[in-house]
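Colleague: Have a look at the structure that comes next, please.
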Amino acid sequence: MRRAQPSTSWHALDLRLRISAAVWLVSQIVDQSPSGSPSVASAPGPAPAPTSSSPQPARHRPRWLVALVVTAGGLLLAGCNLPTFGAHRAISTQGQDSMKLWQGFFITGVTILVIVFALIMWAVFRYRRRSEAIPRQFQYHTLIEIIYTAIPIVIVLILFGFTFVTENNVDALPKPKISVTVTGFQWGWRFHYTTKHVTVIGVELQDPEMVLPENETVRIYLESHDVIHGFYVPALIFSRYAQPGIINKFTLNLHTLGTFRGQCTQFCGLYHSLMRFRLKVVTPAQFAAWVSAHQSTGPEASISNAEKTALARSTGHATPTTTTGGAGS
Amino acid sequence: MTDVIVPQIVGGEPAYAVHEEHGPTGLMKWITTTDHKVIGLSYMITSIVLFYVAGLLALGIRVQLTTPHGTFISFQQYNELFTMHGSIMMYLFAGPFAFGGLANYIVPLQIGAPDMAFPRLNALSYWLYLGGSIMMLLTFGVAGGAADFGWVAYAPLSTTTYTPGIGADLWIMALVLTGFSAIFTGVNLITTIFYLRAPGMTMFRMPIFTWNMLVTGILILIAFPVLTAALVLLFADRHFGAKIYAVTGCHTVTGAVDVHACGSAVLWQNLFWFFGHPEVYILALPFFGIVTEILPVFSKKPVFGYKGMVFATMSIAALSTGVWAHHMFTTGTVLLPFFSLMSLLIAVPTGIKFFNWIGTMWRGQLVYTTPMLMSIGFLLAFLMGGVTGVMLASPPIDFFVHTTYFVVAHFHQVLFGTAVFAGFAGLYYWYPKMFGRMLNDRLGKLHFWLMFVGFWVTYIPMYVLGLSGMPRRVASYPTGLGWRMWNDVSTVGSFMIAVSFLILLVNLWVSWRYPVPAGDNPWDGHTLEWFTTSPPPHHNYTHLPVIRSERPTWDYNHPDAPNIPIHGDRGGGTHPNGHGPYGNGNGTGSPGHGDGASGAAEEVPAT
């Protein structure tokens, strides 16, 4: 009696392995083959053996295995240098974190998509009506139902784990070297460099440019003057709402030089479509030069004293001198 | 052991089994009726008309986007167009079509009830809905034009400071009216399902369609009052200076917010999405139900994992009330991990449903009629929409693609998959029951294939556009980003869909002009509605079969092929019928019938 115990549990483990390897599918298919007996079906065991000797029950097997092996192998080979799957290359470390997560989700998603798609297509083509006979009226299969409840739970928890780690990285707020208050309004943007006393204001049809240095920790304070706007730079792999009454903070560590497109994403009224801006990433030296060129000169137009005071209060600095600049300033 | 087939007259005394139509006829019948079937048809006709209107609006949107600086319509017109397209599709088509229309018509039939529990309330629901719909459409004619703040009406954009027009007020009031309509229908359906089931129709013998409508009704009672309240508050904000969402008049620059003078913009989003996410499932569950009716019938098998299906529906509904803030990840004001986990978890019951649908087809004898093709179209469309939905449940990915065309593609795949593929599957499926005539299957298949191809051609490019950074709700986009080509492809697809719906009109006309009689049970249906005549008599049933599984009509027609209840029980055999008023059905005094050899069986054509 005691000897029988391990053998049953071993059998159960065997079963579980088979299933977790999605080989249950194969066994289902093998069951279909005219002369395939159940004992033959369970014979291959946990390892999906591509070089199966018995040709008849394995008739459908190579197709599945090839697909699986090709997918898995392709992913392994792609390894560390995955494509971005239609997205921009990230220009910030935060964006890179999100990009990795996106790549993981994309691969997982496509894998699930392919598997379920294959199952549907199999059912659609394999079980089209061939006779008037009434098929077996089975309705429950407890084991399979438990399996396809449990496996998604595991997948979801894994995905959540990666999500949790990534979102903490993306939302982290380390001490910044440079702070910029970004204000959205109908229909333009204002970039106020709080410690540098520089302000750039754009209006519709005249895109303002936010200049930032690479390899520095930049903190953005995001807010709105009127309705809700969306601060979105595709290359940052990031967006955030600019809302009245709420200040959103986030950090950027840029590492790619260049000029990148930005746009309001949250619908904000008539000229929402034209509420664009640019993000220009420059070297720290160029940034210093740009700051000194735009600092504390020029007229104080287009920003009221009240707003200036408010801006100053917000960051605890003395009233800044401001510069207006349009596109390409 | 074929003791099952004993048709009986329910209640002995045919109180409601009156054959003659009473009451007025013609137009007066449609206006004064309290018959759930007539009201259901009114709902369906109205919502399909609105579906065509909203589809035309969508074509306007697509035409505008064929060129980078589109000049087909102005920005203002574009904003009105997408607002009304979304509002009509979401509030006036998808929900009312399934919940007011199909459910109203089918649920009482499926549970063997003579009518809804509150017939007059049912009529009131329809008239509120019609009034709200007309009000919504009329906004195109008022000064200032229709509402132009998107179907989500985010405050403070929807306050008078930024949207002063009367079109916005009519939009709000139209939604209040249709909201009450939905609430009343919800109350009505829930009561009907709890109290008017035929003898023998226990809860776990209800068809999945009815189950899903019950759960949808409960979700409506949770979600719609919140929307209605939020809308009333918005109206108060607009006209009585309530300052609930409004942020004008208080300093809104950093650090200078006077909280006492200020409303909260995020409050609207919280209230709206607390309605809005259950609403997504209010729009999805009925259509899941339709598909779960169609797949078994055309696979000639019972639904696989019936009980799992029911509990999956319930867990989707339960989870859906705790995920609203996944629409608000980028507001920076919500607890990301909680809402992310809850949203991801919805994939589990949805996955169960998927595998159950596949299991239903597994080893069946699949017959590819139009409803079946539409249902498989739904499976594929919803599969991809579901997978991208899981991606969106992850906040960092949502930061990336939020309010871009990726989201547009995602929810159109989900909603088109459910409301259109599954919705019109339901129309093709139940049309013979409603009118006693068939829809042409070849035209139906043409409709399906054109729509199916058009669907992918329309929405796959939107994923590409979204990933390359195209925001949604833009009337114009710059050149040089490679967006034009994908937008053009998408527009071509949308016109394919439009043509496919012209074919549906032709099909309806053909069936009207050259009727092909359907008989009572053209599909060899499983559920109770296929037991009565097509169309059903005034109070639905004169006879009922013994109900001892979730598919009494099948049991009646195929006494030799009952459900195999337990996994591994290859011996077959019937479910031990311990409950239900008929007990074992043996020797109850009624004349026993062999295989449809008697009077009652004449109502059930042989397969």
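Colleague: Which residues, counting only those in the range A:82-109, are more than 11 Å from the chain's Cα centre (by Cα), within 8 Å of chain B (Cβ to nearest Cβ) and not small (G, A, S)?
Modeller: A:H88
Colleague: Can I ask one more? Before we move on, is B:A113 in the same structural domain as B:F209 (by TED's automatic domain parsing), of a type in the set (A, V, I, L, M), surrounded by 23 or more Cβ atoms within 10 Å (Cβ to Cβ) and under 30 Å from B:V474 (Cβ atoms)?
Modeller: So B:A113 does not fit the description; no.
Colleague: Considering the range B:393-429 alone, what residues qualify as being within 26 Å of B:F99 (Cβ to Cβ), surrounded by 24 or more Cβ atoms within 10 Å (Cβ to Cβ) and within 10 Å of another protein chain (Cβ to nearest Cβ)?
Modeller: Listed by number, the list holds a single entry, B:A393.
Colleague: Name every residue in the range B:451-469 that is modelled with pLDDT of 95 or more and either farther than 24 Å from A:L113 by Cβ or of a type in the set (S, T, Y) (or both), in order of residue number.
Modeller: Listed by number, the residues that qualify are B:T458, B:Y459, B:Y463.
Colleague: Could you check B:L157 against (1) within 14 Å of chain A (Cβ to nearest Cβ); (2) among the hydrophobic types (A, V, I, L, M, F, W, C); (3) surrounded by fewer than 20 Cβ atoms within 10 Å (Cβ to Cβ); (4) in contact with an Asp or Glu (Cβ under 9 Å, 6 or more places away or on another chain) and say which number it fails?
Modeller: (3)
Colleague: Take the residues in the range A:178-212 that are hydroxyl-bearing (S, T, Y) and surrounded by fewer than 23 Cβ atoms within 10 Å (Cβ to Cβ); name whichever of them is farthest from the other protein chains (Cβ to nearest Cβ).
Modeller: A:T195
Colleague: List the number of the failed condition for B:Y477; all other conditions in (1) over 31 Å from the mean Cα position of the chain (by Cα); (2) within 14 Å of chain A (Cβ to nearest Cβ); (3) assigned to a helix (DSSP H, G or I) hold.
Modeller: Going through (1) over 31 Å from the mean Cα position of the chain (by Cα); (2) within 14 Å of chain A (Cβ to nearest Cβ); (3) assigned to a helix (DSSP H, G or I) one by one, B:Y477 breaks only (3).
Colleague: Next question, about the same structure. When B:G276 is evaluated against the numbered criteria (1) more than 30 Å from B:V232 (Cβ to Cβ); (2) under 19 Å from the mean Cα position of the chain (by Cα); (3) surrounded by fewer than 24 Cβ atoms within 10 Å (Cβ to Cβ), which criterion, by number, is the only one it fails?
Modeller: (1)
Colleague: Given the structure, is B:T71 surrounded by 24 or more Cβ atoms within 10 Å (Cβ to Cβ), over 30 Å from B:S549 (Cα atoms) and of a type in the set (S, T, N, Q)? Show your work before the answer.
Modeller: Working: surrounded by 24 or more Cβ atoms within 10 Å (Cβ to Cβ): no; over 30 Å from B:S549 (Cα atoms): yes; of a type in the set (S, T, N, Q): yes.
No.
Colleague: Anything in the range A:218-237 that is facing chain B (nearest Cβ under 7 Å), surrounded by fewer than 23 Cβ atoms within 10 Å (Cβ to Cβ) and assigned to a strand (DSSP E or B)? List them, or say none.
Modeller: A:Y221
Colleague: Now for a different question. Can you name the condition, by its number, that B:S549 falls short on among (1) within 13 Å of chain A (Cβ to nearest Cβ); (2) surrounded by fewer than 19 Cβ atoms within 10 Å (Cβ to Cβ); (3) touching a His at 6+ places or on another chain (Cβ under 9 Å)?
Modeller: The single condition B:S549 does not satisfy is (2).
Colleague: Continuing with the same structure: Only one of these is facing another protein chain (nearest Cβ under 7 Å) and surrounded by fewer than 20 Cβ atoms within 10 Å (Cβ to Cβ): A:N253, A:N248, A:N215. Name it.
Modeller: Only one candidate qualifies: A:N248.
Colleague: Just for the range A:193-204: of the residues that are outside any strand (DSSP E or B) and touching a helix residue (DSSP H, G or I) at 6+ places or on another chain (Cβ under 6 Å), which one is modelled with the lowest pLDDT?
Modeller: A:E204
Colleague: Still on this structure, I have one more. Taking into account only those residues within the range A:267-291 that are hydroxyl-bearing (S, T, Y) and in contact (Cβ under 8 Å) with a residue 60 or more places away in the chain, which is farthest from B:P164 (Cα to Cα)? Steps first, please.
Modeller: Taking the range A:267-291 as the starting set, the residues that turn out to be hydroxyl-bearing (S, T, Y) are A:271, A:273, A:283.
Within this subset, residues satisfying the condition of being in contact (Cβ under 8 Å) with a residue 60 or more places away in the chain are A:271, A:283.
Details: A:Y271: 16, A:T283: 47 Å.
Only one residue fits best here, namely A:T283.
Colleague: While we're on this one: Do we find a residue being under 14 Å from B:A265 (Cβ atoms) and not aliphatic (A, V, I, L, M) anywhere in the range A:245-252?
Modeller: Yes, the range A:245-252 contains a residue that is under 14 Å from B:A265 (Cβ atoms) and not aliphatic (A, V, I, L, M).
Colleague: Could you check the range A:112-142 and list, in sequence order, the residues that are at the interface with chain B (Cβ under 7 Å from one of its Cβ atoms), part of a helix (DSSP H, G or I) and aliphatic (A, V, I, L, M)?
Modeller: Selection gives A:I112, A:L113, A:V116, A:L119, A:I120, A:A123, A:V124.
Colleague: Quick one: B:G525 ticks every box in (1) assigned to a loop (DSSP other than H, G, I, E, B); (2) crowded, with 18+ Cβ neighbours inside 10 Å; (3) more than 24 Å from the chain's Cα centre (by Cα) except a single one, so which number is it?
Modeller: Exception for B:G525: condition (3).
Colleague: Does B:L439 meet the test of being closer than 20 Å to B:A518 by Cβ, assigned to a loop (DSSP other than H, G, I, E, B) and among the hydrophobic types (A, V, I, L, M, F, W, C)?
Modeller: Working: closer than 20 Å to B:A518 by Cβ: yes; assigned to a loop (DSSP other than H, G, I, E, B): yes; among the hydrophobic types (A, V, I, L, M, F, W, C): yes.
Considered against the rule, which asks whether it is closer than 20 Å to B:A518 by Cβ, assigned to a loop (DSSP other than H, G, I, E, B) and among the hydrophobic types (A, V, I, L, M, F, W, C), B:L439 comes out as yes.
Colleague: Within the range B:438-458, track down each residue that is within 14 Å of another protein chain (Cβ to nearest Cβ) and touching a helix residue (DSSP H, G or I) at 6+ places or on another chain (Cβ under 6 Å).
Modeller: Across the range B:438-458, the qualifying residues are B:F448, B:F452.
Colleague: Separate question: Just to be sure, is A:E145 assigned to a loop (DSSP other than H, G, I, E, B) and either at the interface with another protein chain (Cβ under 9 Å from one of its Cβ atoms) or at pLDDT 95 or above (or both)?
Modeller: no
The values are calculated or read from the model by the stated rules, or taken from the named source; none is laboratory data. All values derive from a computational prediction rather than experimental measurement. FYI the Cβ positions are ideal-geometry reconstructions off the backbone, even for glycines, and counts take in every protein chain you see.
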